[in-house]
1. Arrange the following residues from fewest to most other Cβ atoms within 10 Å of their Cβ: HIS82, HIS141, HIS119.
2. If amide H atoms are built 1.01 Å from N in the plane of the peptide, which residues on other chains or at least 5 residues away come under 5 Å of the amide H of THR131?
3. Among THR167, THR131, which comes first, second and so on when ranked by fewest other beta-carbon atoms within 10 Å?
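Values quoted throughout were computed directly from the atomic coordinates according to the rules given, and no laboratory measurement underlies them. In this text the structure is predicted, and so the values were computed from the model without any measurement. Here the Cβ positions follow ideal geometry from the backbone for every residue, glycine too, while neighbour counts run over all protein chains shown.
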Amino acid sequence: MFLRGNGQIVLKSTEKLGIARALTFFRKLINQTTFEQMTEQDVENRLVGISMSFDIAVTGRVLAKIGVNLLAYIAGADYVRHPQFQRVKRSIATGVPAFPLHSTEQKLPIANIFSGLPHTLHGFMIAGIPTPGGTCALMLHARLYGSQIESVLLGEGLPYLNFSNNTFFTVDYEAHRIERYEMMDFVRAFPFNFPRPSAAPVGQLIP
């Protein structure tokens, strides 16, 4: 963990530890640390795989708020006034009920979808899932700062939206520009870049 010149604290974590556990550990550690006794040291040629400037405890609330705003843009303000949005709005405002964390394995399909997106762009996907009675459930999936994958449920039992099941937004956080894509347009603009599996030795089957 080190401090950048612009004031950002950067944490390098192993894949085994995970971002959520690492941030929880260091947040507790910081509360017990006396910084006046620490010696500053410049780090040369540092290798950092991830960089974030948000608090893991409020990430879900922030993303849910973004998702509701994107839905208001897509479907209109009246749509997000539907009573089925009251639960997510309460979570945004109070943190209760909390948004659950997801494992790396659960996030992998979303990571693959965003695999062709440049690291200079945030990616957001509104995913519609048809449910009985002509209703749908809506999820927001996001890739932040080139690697961090998050998903939040925006609502269930909602009136079915008349748009393709997946609508994408990209955010250029340096140029402050937002662009919208339907699914096929997104795939053409940012083709999937799945990791290639290792070749199996001759005579060995891949399960």
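1. Details: HIS82 14, HIS141 23, HIS119 9.
With the fewest neighbours first, HIS82, HIS141, HIS119 line up as HIS119, HIS82, HIS141.
2. CYS136, ALA137
3. Values: THR167 21, THR131 13.
With the fewest neighbours first, THR167, THR131 line up as THR131, THR167.
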